[in-house]
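Taking it in order: structure first as structure tokens, then the write-up.
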Amino acid sequence: MLEKKRKEDKEMDAKERTEVNAFMGPETSFEGKLNYTGAVRLDGRFKGEIRSDDTLIIGETGRFEGEIHVGSVIIQGEITGNVYAKEKVQLHHPGRVVGNMTAPTVVMDEGAVFEGNCKMKEKKKDDKKGEPKEEKGVGIFARKKETEGKIEEKTKEAGD
């Protein structure tokens, strides 16, 4: 019984995070910091900083200037500033981003505009802190480090 209730709570929590909890209309402007839980849709003007582990939606009439740190962001309007997403950045037409984006997944539609740098980092897993991660290559890149090590050894031997 307890296990069933916990599962239902988790499902409800996930549902609440995608449901729009706040909406800023096209004729609205705001300057400052916003922290929230759930999803927020911005169709007006916002200048400042937005922080959340959940979803931010910038509608077609939305204009944002500043820095965004969220779980996921869906962009149809304009952003001038940096975007940091833990999950995903979606840039849809007629969206425009002038600034840098950092996220493990970035999706851009044809017709969307992006001017800046993009860094795609893997999602952080519960790694043991303090221990360096061993990087493993894929395909032909897996052999690259191994080959470089052998070349260095041969160079040292030749120099002796």
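General remarks:
- Looking at segment 24-96, the strands (runs of 3 or more DSSP E) lying wholly inside it that each contain 3 or more residues that are under 24 Å from residue 119 (Cβ atoms), within 12 Å of the chain's Cα centre (by Cα) and modelled with pLDDT of 95 or more sit at 63-75, 78-91.
- Whenever a residue of segment 102-116 is under 15 Å from residue 81 (Cα atoms), its partners that are among the polar types (S, T, N, Q), lying with C-beta atoms within less than 6 angstrom and at least six residues away or across chains, give the pairs 116/100.
- Only one of 106, 113 that is closer than 16 Å to residue 63 by Cβ and at pLDDT 95 or above: 113
The values are calculated or read from the model by the stated rules, or taken from the named source; none is laboratory data. Quick caveat, the model's predicted, so the values are computed rather than measured. Note that each Cβ is placed from the backbone with ideal geometry, even for glycine, and that neighbours are counted across all protein chains shown.
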